[in-house]
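Chemist: Can you keep this structure in mind? I'll have questions shortly.
The values are calculated or read from the model by the stated rules, or taken from the named source; none is laboratory data. Every value quoted in this text rests on a predicted model; they were computed, and no experiment measured them. Heads up, the Cβs are rebuilt from the backbone with ideal geometry, glycines too, and the neighbour counts pull from every protein chain shown.
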Amino acid sequence: MADPGADTGSVGKTLRTDLPHPARMYDYYLGGKDNFPADREAAELAIAAFPNARVAARENRAFMTRATRYLATQAGIGQFLDIGTGIPASPNLHEVAQSIVSDAQVVYADNDPIVLTHARALLTSTPQGQTAYLDADIRDPAAILDSPELRETLDLARPVALSLVAIFHFVSDEEDLHAIVRRLVEALPSGSYLILTHGTADFDPDAEAFAAAYRKRGLPFQLRTHTRVERMFDGLELVEPGLLLAHRWRPDDDGSIPLRDAQVGIYGGVARKS
Ligand SMILES: C[S@@+](CC[C@H](N)C(=O)[O-])C[C@H]1O[C@@H](n2cnc3c(N)ncnc32)[C@H](O)[C@@H]1O
């Protein structure tokens, strides 16, 4: 008998609406509408453990916008590979990049069938630019690098910004994270960049209870220290001001009320391949 919580997407992958998905929980933290009761219930339990979850999600997303804007404006980057894209939330990376570099090319990749069903919203583009979507897992970097979607959209002879924003805390230590980053970065020419964010409990031990709330639901979630996250940038030159809590990285001077470090719990950094 068909599972009442299951729905088959157009690509034949099974979507579960009765189980929480990290992409939909994140959508809920950001105030989005693409989530179901199971996601909201799991997200509320995680928020009860770490009441700053919404602030952290918002600051993570704001960092992605600033880092993309910085690379498009200051480094002339017009090609982006964004792995762990999430459900669309305006402004999406290609919208930020193409508002500055109108012919920017963007490849999105995510392994969640829910994100795939939303891919159409990510595939808008300026007439001069291009976006593509790839259903892929970061644990198989070769499949991403060899995909026709990537090969037809990005020119790997020219610098690319690799965006790994809020993805690696969903990847356990059983995987060799450094080898994954290395494999992806090796495929990019000098002058390319890595944008990366990652959750941490360095400033608030309650963040560990947040991660535990995911694990209790069978969803991998692993917070890491500054030292561990910084190692992901090995061999690259961190752009000033280095790897900091996301809200401290080149903040916009928008007059908003300053946040406490414990509210954010997400490191963010940008580094250049020389
Ligand atoms: C918290 S969301 C981040 C979305 C967006 N990058 C942002 O920061 O606003 C994490 C995304 O990573 C995706 N993800 C988790 N593990 C992944 C994996 N092994 N391969 C590809 N995507 C993954 C999830 O499906 C989810 O959409």
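Chemist: Go through (1) under 16 Å from PHE170 (Cβ atoms); (2) modelled with pLDDT of 95 or more; (3) surrounded by fewer than 21 Cβ atoms within 10 Å (Cβ to Cβ) and name the single condition VAL55 misses.
Modeler: Condition not satisfied by VAL55: (1).
Chemist: Kindly establish whether GLY31 is at positive phi and buried (at least 23 other Cβ atoms within 10 Å of the Cβ).
Modeler: no
Chemist: Out of the residues in the range 99-119 that are more than 18 Å from the chain's Cα centre (by Cα) and not acidic (Asp, Glu), which is farthest from the ligand (Cβ to nearest atom)?
Modeler: SER102
Chemist: Kindly list, by first and then second residue, each pair from a residue in the range 220-245 that is under 24 Å from ALA53 (Cβ atoms) to a residue that is of a type outside the set (Lys, Arg) and part of a loop (DSSP other than H, G, I, E, B), limited to pairs with Cβ atoms under 6 Å and residues at least 6 apart or on different chains.
Modeler: PRO220/SER172; GLN222/SER172; LEU223/THR200; LEU223/ALA201; THR225/ASP202; HIS226/ASP202; GLU230/LEU243
Chemist: Another question, if that's okay. Test TYR70 against the stated conditions and say whether it is part of a strand (DSSP E or B), within 24 Å of ILE266 (Cα to Cα) and not hydrophobic (A, V, I, L, M, F, W, C).
Modeler: In short, no.
Chemist: For the range 77-122, give me each residue that is under 19 Å from GLY32 (Cα atoms) and part of a loop (DSSP other than H, G, I, E, B).
Modeler: Residues satisfying the conditions are GLY84, THR85, GLY86, ILE87, PRO88, ALA89, SER90, PRO91, ASN92, ASP112, HIS118.
Chemist: Taking the condition of being crowded, with 20+ Cβ neighbours inside 10 Å and either over 16 Å from the mean Cα position of the chain (by Cα) or away from the ligand (no atom under 16 Å from the Cβ) (or both), how many residues in the range 154-195 meet it?
Modeler: Within the range 154-195, residues that are crowded, with 20+ Cβ neighbours inside 10 Å and either over 16 Å from the mean Cα position of the chain (by Cα) or away from the ligand (no atom under 16 Å from the Cβ) (or both) number 6.
Chemist: Is it true that ARG16 is modelled with pLDDT under 95, more than 11 Å from the ligand (Cβ to nearest atom) and among the charged types (D, E, K, R)?
Modeler: For ARG16, the condition - modelled with pLDDT under 95, more than 11 Å from the ligand (Cβ to nearest atom) and among the charged types (D, E, K, R) - is met.
Chemist: A follow-up question, please. For the list (1) within 30 Å of ARG158 (Cα to Cα); (2) more than 16 Å from the ligand (Cβ to nearest atom); (3) part of a helix (DSSP H, G or I); (4) not small (Gly, Ala, Ser), I need the number of the one condition that LEU45 fails.
Modeler: Unmet condition: (1).
Chemist: Among the residues of the range 140-149, write down those that are away from the ligand (no atom under 15 Å from the Cβ) and either in a loop (DSSP other than H, G, I, E, B) or crowded, with 17+ Cβ neighbours inside 10 Å (or both).
Modeler: ASP146
Chemist: Can you find a residue that is at pLDDT 95 or above, within 9 Å of the ligand (Cβ to nearest atom) and crowded, with 24+ Cβ neighbours inside 10 Å anywhere in the range 69-82?
Modeler: yes
Chemist: Is there any pair linking a residue in the range 137-151 that is under 10 Å from ARG183 (Cβ atoms) and in contact (Cβ under 8 Å) with a residue 40 or more places away in the chain to one that is in a helix (DSSP H, G or I) and of a type outside the set (Val, Ile, Thr), with Cβ under 6 Å and at least six apart or on different chains, and which?
Modeler: Final answer for the pair search is PRO141/ARG183; PRO141/LEU184.
Chemist: In the range 120-139, how many are within 15 Å of the ligand (Cβ to nearest atom), farther than 12 Å from ASP82 by Cβ and either surrounded by 18 or more Cβ atoms within 10 Å (Cβ to Cβ) or at pLDDT 90 or above (or both)?
Modeler: 3
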